[in-house]
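A quick write-up on the structure given underneath.
The values are calculated or read from the model by the stated rules, or taken from the named source; none is laboratory data. Just so it is clear, the model here is predicted, and its values are computed rather than measured. Neighbour counts run over all protein chains shown; Cβ positions are idealised from the backbone, glycine included. Calculation scope for accessible area: heavy atoms of the full protein, side chains included, ligands and nucleic acids excluded. Shrake-Rupley method; radii C 1.70, N 1.55, O 1.52, S 1.80 Å.
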Amino acid sequence: KESSAASDVYKRQVFGARYIFQENQSKTLLASGFDSRLASYHEANVRWNMTPKLSVLLTAQDGTKKSLADYTSGRDYSIEYSWLKSSFSFQPSTNFRVTLDSRIVDKDNVILGGGETCVIKDIGSTFKYNQTDKGSFQGAIKLLKIDFTGNQNSAVGFEMLEALRPGINYTWSLGYQKTVSKNLQITFQYLGRKSENTRMIHSGGMELRAFF
């Protein structure tokens with residue numbers, strides 16, 4: 001028995017690391033001119049499976065997002081950003097997992113005439129529960145503190161703020177997915193958010209997928 005237990009511990013991966021480089025470019029010819037976009041980043045992450053039920057994931061990313069449009073003004077930006085994220089996951093069984101996440105992001109618009117800056121700090125939690133033949137239930141909640149300098153109603157402001165507002169923000173979501181038959185899957189999704197000095201916003205949707 002001792003030999004079998006030692007073998008199981010040996011087979012279980014304790015540490016893991018990964019490096020990713022990705023670059024996407026697109027250029028579209030419109031009736032009024034060109035619209036080009038670039039998104040590239042370097043990412044490194046390290047995972048530590050402390051026990052079979054508890055794991056830690058650290059992720060760092062450094063990248064650039066650019067948008068250039070020669071047919072209008074106010075849509076050009078070049079955002080250099082970096083962020084660090086930590087995730088602590090607890091999975092007591094194959095059916096249930098809960099995660100605690102924290103992240104800090106720093107963004108700067110370095111294009112000539114820009115000068116917008118944004119710092120985002122957030123903390124949140126997610127959970128997922130799977131039940132055979134009954135579907136999958138998942139949810140998330142997050143608290144974000146955003147410090148932003150610039151015009152929040154501009155294209156670069158929307159991108160840097162991640163569709164939120166400066167100050168304290170709350171976001172939450174619930175989702176349910178079930179396979180109705182062998183080739184039919186139904187999904188329900190609810191999303192909510194609340195920013196400083198704005199009303200609470202709710203949205204939801206349903207999706208039905210057929211596989212052939």
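So which strands (runs of 3 or more DSSP E) are wholly in segment 134-212 and hold at least 1 residues that are modelled with pLDDT under 90 and crowded, with 17+ Cβ neighbours inside 10 Å?
Working: elements: 135-149, 167-181, 184-195, 201-210.
Where strands (runs of 3 or more DSSP E) fall fully within segment 134-212 and carry at least 1 residues being modelled with pLDDT under 90 and crowded, with 17+ Cβ neighbours inside 10 Å, they are 135-149.
Residue by residue through segment 136-157, note down the ones that are touching a Phe, Trp or Tyr at 6+ places or on another chain (Cβ under 6 Å) and under 14 Å from LEU174 (Cβ atoms).
Hits for segment 136-157 are PHE137, GLY139, ILE141.
Conditions: (1) surrounded by 17 or more Cβ atoms within 10 Å (Cβ to Cβ); (2) modelled with pLDDT under 95; (3) more than 27 Å from PHE158 (Cα to Cα). ASN95 meets all but one. Number of the miss?
In the conditions (1) surrounded by 17 or more Cβ atoms within 10 Å (Cβ to Cβ); (2) modelled with pLDDT under 95; (3) more than 27 Å from PHE158 (Cα to Cα), ASN95 misses (1) alone.
Looking at segment 34-45 only, could you name the residues that are in contact with a Ser or Thr (Cβ under 8 Å, 6 or more places away or on another chain) and either open to solvent by 70 Å² or more (accessible area, probe 1.4 Å) or among the small types (Gly, Ala, Ser) (or both)?
Going residue by residue through segment 34-45, those that are in contact with a Ser or Thr (Cβ under 8 Å, 6 or more places away or on another chain) are 34-41, 43-45.
Across segment 34-45, the qualifying residues are PHE34, SER36, ARG37, ALA39, SER40, ALA44.
Please determine whether any residue of segment 30-42 is farther than 16 Å from LEU100 by Cα and not in a strand (DSSP E or B).
Checked segment 30-42: at least one residue is farther than 16 Å from LEU100 by Cα and not in a strand (DSSP E or B).
Within segment 59-86, work out how many residues are touching a Lys or Arg at 6+ places or on another chain (Cβ under 9 Å) and open to solvent by less than 90 Å² (accessible area, probe 1.4 Å).
17
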